[in-house]
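Okay, so here's the structure we're looking at.
The values are calculated or read from the model by the stated rules, or taken from the named source; none is laboratory data. As the structure is a computational prediction, the values presented were derived from the model and not from experiment. Quick reminder, even Gly has a Cβ in these numbers, built from the backbone with ideal geometry, and neighbours come from all protein chains shown.
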Amino acid sequence: MRLLWTMFAHYHGQVWDAIRFARSPGTSEVRARRSLDMAALPEVVARRCRFIIEESQRVLDLAEALPSGEPGRLFELLSASYLGARDLYEIGAPAMSDMMAAMLSAPGVIGARQAGAGFGGYMVALVRDGTIASFIAHVEADYLRRTGIQPRVYAVSATAGAGLVA
């Protein structure tokens, strides 16, 4: 248990170093940080910074892309988010890779990515209307075949979220 805590504390320290370097209060600063020379940073911290900066931009790009619903752009942004989290931020697990493969091979998928804190967290997919049942059936069967684990797949719809109550 002590080794696991030491590894987590070390990783957590790297992440906070990256966040302190990459955090910015406004979108103009997010774009400006992309041009910073990160060569002076330790390699791992630089990778984490790169992910934070790129992911911040992806959030802005996704906010612009969602209203049009252009599938190619949504796929590109969601895939880049997953790959960045896996490769640069190093928050992934084999089970997440297997779930991505199952989701991306399913009928009706527009795009998919991890969400939450990583390390085997949960996955999100955008799926075309009318294909949800076949998407779920495919993902459940494919993931079970790949891992021997029966997943739970839930269909949800986005809502307006929190707001002021009069």
For the range 92-121, enumerate the residues that are over 25 Å from Arg145 (Cβ atoms) and touching a strand residue (DSSP E or B) at 6+ places or on another chain (Cβ under 9 Å). none
So, first residue in contact (Cβ under 8 Å) with a residue 24 or more places away in the chain in the range 135-158, second residue of a type in the set (D, E, K, R), Cβ within less than 9 Å, six or more apart or across chains; the pairs are Phe135/Arg128; Asp142/Asp98; Tyr143/Asp98; Arg146/Asp98; Thr147/Asp98; Ile149/Asp98; Pro151/Glu140
Pairs, please: C-beta under 7 Å, at least 6 apart or cross-chain, first residue surrounded by fewer than 16 Cβ atoms within 10 Å (Cβ to Cβ) and in the range 85-110, second of a type in the set (Asp, Glu)? Ser105/Asp142
Picked from the range 63-84 (must be over 11 Å from the mean Cα position of the chain (by Cα) and among the aliphatic types (A, V, I, L, M)), the residue surrounded by the fewest Cβ atoms within 10 Å (Cβ to Cβ) is Ala63
Residues that are at pLDDT 85 or above, at least 1 per element: which helices (runs of 4 or more DSSP H) completely within the range 1-102 meet that? 43-65, 71-87
Looking at the range 111-134, which of its residues are over 17 Å from Ser81 (Cβ atoms) and free of Cβ contacts under 8 Å to residues at least 12 places away in the same chain? Asp129, Ala133
Check the range 123-131 and report whether any residue there is over 21 Å from the mean Cα position of the chain (by Cα), within 22 Å of Glu70 (Cβ to Cβ) and surrounded by 14 or more Cβ atoms within 10 Å (Cβ to Cβ). yes
